[in-house]
Amino acid sequence: MKSAALTHVQVPEALRRRGIDEVLVFQAGLRHRFRRIEVRDGLLLHGEQGWGECSPFWDYGATESASWLHAGLEAATRPLPAPVRDLVEVNVTIPVVSPTQARRLIAASGGCMTAKVKVADPGSDLRQDCARVAAARAELGPEGRIRVDANAAWSVDEAVAAVIELDAAAEGLEYVEQPCPSVEELARVRRRITVPVAADESVRRADDPVAVARAGAADIVIVKAQPLGGVARALDVVDRAGLDAVVSSALDTSVGLGIGTALAASLPRLGHACGLATIELFTGDVTTSPLLPEGGALVPRRVEADQPVHQDVPRALVDRWVERLTAICHEL
Ligand SMILES: O=C(O)CCC(=O)c1ccccc1C(=O)O
Ligand SMILES: [Mg+2]
């Protein structure tokens, strides 16, 4: 994999006080459109313990992004939790692509036996979603597991109807991730389907990340270190939710994926593959040793941003990040 573009920026005083001695802006291409974006960019922070990542999407304001900065700071300055397993099983993530491309992604996934298929995207209808899911089953065989992620796109009735069709196309779904926007809708969907429900946005973008569990609205919680404010806070969410957890990435570089695998490796219970095989969606990475699965699993480790810095991120993007970082620091 080639290098992401990397540029040094000045360390803000608020971060230097907290132990950060280096800040980089990165920019990496994506192989397929994902979440309406084609390039991924963000910040990497270096401290005494190594590298952390802060890469909130551009539609997030400074207050919400402060959790992502907190996660980056924690990763750079605090030790990782002790692992209780030395491999983390992962899923291949299938964006809205053709059935043929879906099969290719699975075949090239480094042995992943679980596929997460994005569905309910504006660029795809239910028939196409079913075709993509059926292609995933054909590629994985009967032993594979298939989950779908609707990113909150459906109403309750739409979700119930779509899940029944997708479950048939998949010859059995492992779970459906965030079928509807609200906790209340998730609870209603969950009562009407047999496929388990996983909460993602209802955890990572909620005022109270545990409310969805308390409401009995989900079977599984998706936890992402950056939006939850770091590894310690994510562990606390899992503990208080009392549900099975799936650790996923927010389309992190290998630096963030390394932190995510450490989080997953430290969970007392891990019953599902984690969504951490996402560097395969990138055209470049910030490290010379990307966190890629082998035998369907990742080995938890810290990842260094060790690609040479060529100051090659477009100037306008660097300026936007400097300005944004100043605003987020005020929200810490
Ligand atoms: O869970 C995975 O397989 C990969 C991560 C993923 O899908 C994702 C990545 C960035 C932003 C949102 C999401 C999501 O789960 O909705
Ligand atoms: Mg999701």
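None of the figures in this text is laboratory data; all of them are computed from the coordinates on show. None of these values were measured; they are calculated from a predicted model. Because the Cβ atoms are built from the backbone with ideal geometry, glycine has one as well, and the counts that use them run over all protein chains shown.
Considering only I106, A153, L270, and ranking their Cα positions along the charge dipole of the chain that arises from unit charges at the beta-carbon of Lys, Arg, Asp and Glu, the one farthest toward the positive end is I106. Neighbour counts of other Cβ atoms within 10 Å put L140, L126 in the fewest-to-most order L126, L140. Can you work out the FRET efficiency for the pair E158 and A206, with r the C-beta to C-beta distance and R0 = 22 Å, to the nearest 0.05? Given R0 = 22 Å and the Cβ-Cβ separation, E is 0.50. Projecting the Cα atoms of G42, G260, P95 onto the dipole axis of the chain, where Lys and Arg carry +1 and Asp and Glu carry -1 at the beta carbon, places P95 farthest toward the positive end. Taking other Cβ atoms within 10 Å as a rough exposure proxy, F57, F26, F282 sort from fewest to most as F57, F282, F26. Charges were assigned to the Cβ only: +1 to each Lys and Arg, -1 to each Asp and Glu. The resulting dipole of the chain about its Cα centre is roughly 180 debye. Rounded to the nearest 20, the size of the Cβ-charge dipole of region 60-187 about its Cα centre is 580 debye, with Lys and Arg at +1 and Asp and Glu at -1. Beta bridges assigned by DSSP with both partners in the chain are antiparallel in approximately 50 percent of cases. If you average the alpha carbon positions of region 23-95 and of region 260-332, how far apart do those two centres end up, in angstrom? A separation of 4 Å, based on Cα centres. Placing unit charges on the Cβ atoms of the charged side chains and taking the dipole of region 149-236 about its Cα centre, the candidate lying farthest along the positive direction among A215, S182, A170 is A215. If a spin label sat at a point 7 angstrom from the Cα of L292 along the line to its beta carbon, the backbone N atoms of region 250-285 nearer than 17 Å would be those of 253-255, 257-258, 276-285. Among K224, K116, the ranking by other beta carbons within 10 Å of each residue's beta carbon, starting with the fewest, stands as K224, K116.
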